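Below is one structure, written out as structure tokens; the observations come after it.
The values are calculated or read from the model by the stated rules, or taken from the named source; none is laboratory data. The structure displayed is predicted, hence computed values, not measured ones. Positions of Cβ are backbone-derived with ideal geometry, glycine not excepted, and every protein chain shown enters the neighbour counts. Note: areas computed on protein heavy atoms with side chains; ligands, DNA, RNA excluded. Shrake-Rupley method; radii C 1.70, N 1.55, O 1.52, S 1.80 Å.
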Amino acid sequence: MGNHLPEFRAAARRIDRRQFVTRAGAAAVLAFAANTPAAGAATARRLNPRAITENPFTLGVASGDPQPATALLWTRLAPEPYTADSGLPAERVEVEWEVAHDELFAVPVNSGTATAHPEFHHSVRVEVTGLSADRVYYYRFRVGAWISPVGRTRTAPLAGARITELKFATLSCQAYYHGYFTAYRHLAAEDLDVVVHLGDYLYEYAVTAVGGARNYTDRKLPSHYNSETITLEDYRLRYGLYKSDPDLMAAHAAHPFI
Ligand SMILES: [Fe+2]
């Protein structure tokens, strides 16, 4: 996707930070595994969902890490996805989740409540257990009166199962400023078992007000995207920008990602 030369040239001086990000990422994974911020750091105040007056599901839904009996579900509450606080106070929010065999949720499988912590940018991560292997499921989230788009996921076959085929797609190197993710719109309509994303999921380079090669004429991106990502807040904003792409959102809603 486009010219990678400047990126390769920059890679050498990025290595130190990449190593740092990898280690920081490992710490984040550990924190997520417990699904709560570090002990003593969790925000005590809980937001009344009725205080959310704008659609918080602007970044869609996603699933990943398919296993024979479990699936990982994701969303993030972001009424204002292009602002640092996403338009939410620094309070935790209780989010309901639901898994069913069908898109209309007439045949429920499992449901529960998860907490969106401000420390995690109000992202929601649910590991659903007790599922059947090699099977499609549908899921959605709810907070107050707001219901998320419906996502579709699929569990992995049992280890050692005799399967005749496995349909997967691979993605890599998605640079927002190089143009639209039209291919993902097509990918969302494909009959796939799983999508393997090889990275890069995002690029740290500046994105101009017109979205680079996207050349928006109907809107302008906030100026904080027009510089290299360095801080945690920069990266959170940048993830939000990518996640707000409707084609990427459609791909995430249609298939589990690894
Ligand atoms: Fe790349």
Selected residue (criterion: most open to solvent (accessible area, probe 1.4 Å)) from residues of segment 199-241 that are of a type in the set (Phe, Trp, Tyr) and under 21 Å from GLU119 (Cβ atoms): TYR239
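Consider LEU202 carefully, then state whether it is touching a residue at least 24 places away in the same chain (Cβ under 8 Å), part of a loop (DSSP other than H, G, I, E, B) and under 21 Å from HIS101 (Cα atoms). Spell out the reasoning first.
Details: touching a residue at least 24 places away in the same chain (Cβ under 8 Å): yes; part of a loop (DSSP other than H, G, I, E, B): yes; under 21 Å from HIS101 (Cα atoms): no.
The answer is no for LEU202.
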How many residues does segment 64-95 hold that are among the hydrophobic types (A, V, I, L, M, F, W, C), in a loop (DSSP other than H, G, I, E, B) and open to solvent by 50 Å² or more (accessible area, probe 1.4 Å)? 1
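Of the residues that make up segment 160-172, is at least one closer than 30 Å to LEU221 by Cα, touching an Asp or Glu at 6+ places or on another chain (Cβ under 9 Å) and open to solvent by 40 Å² or more (accessible area, probe 1.4 Å)?
The answer is yes; a qualifying residue exists.
Table: residues versus (1) among the aliphatic types (A, V, I, L, M); (2) touching a Leu at 6+ places or on another chain (Cβ under 9 Å).
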residue: GLU127; (1), (2): no, yes
residue: ALA133; (1), (2): yes, yes
residue: PHE141; (1), (2): no, yes
residue: LEU158; (1), (2): yes, no
residue: THR170; (1), (2): no, yes
residue: THR182; (1), (2): no, no
residue: TYR205; (1), (2): no, no
residue: SER223; (1), (2): no, no
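Which members of segment 133-186 meet the condition of being of a type in the set (Val, Ile, Thr), assigned to a strand (DSSP E or B) and farther than 18 Å from LEU73 by Cβ? Give the steps one after another, and end with the answer.
Applying the first criterion (of a type in the set (Val, Ile, Thr)) to segment 133-186 yields 136, 143, 147, 150, 153, 155, 163-164, 170, 182.
Retained after the next criterion (residues that are assigned to a strand (DSSP E or B)): 136, 143, 147, 153, 170.
THR170 - this is the single residue of segment 133-186 that is of a type in the set (Val, Ile, Thr), assigned to a strand (DSSP E or B) and farther than 18 Å from LEU73 by Cβ.
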Scan segment 207-218 for residues that are more than 16 Å from the ligand (Cβ to nearest atom) and either farther than 17 Å from LEU237 by Cα or within 21 Å of the chain's Cα centre (by Cα) (or both) and jot them down. GLY211, ARG214, ASN215, TYR216, THR217, ASP218
In segment 187-199, anything touching a strand residue (DSSP E or B) at 6+ places or on another chain (Cβ under 7 Å) and not in a helix (DSSP H, G or I) is listed as GLU190, LEU192, ASP193, VAL194, VAL195, VAL196, HIS197, LEU198
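In segment 176-198, which residue that is of a type in the set (A, V, I, L, M, F, W, C) and open to solvent by 30 Å² or more (accessible area, probe 1.4 Å) is farthest from the ligand (Cβ to nearest atom)?
Applying the filter and picking the extreme gives ALA189.
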Within segment 131-145, considering residues that are within 18 Å of the chain's Cα centre (by Cα) and open to solvent by 50 Å² or more (accessible area, probe 1.4 Å), the one farthest from HIS252 (Cα to Cα): ARG142
Those residues that are of a type in the set (Val, Ile, Thr) and either over 22 Å from ILE258 (Cα atoms) or at pLDDT below 95 (or both), I need them from segment 59-107; list them, please. THR83, VAL93, VAL95, VAL107
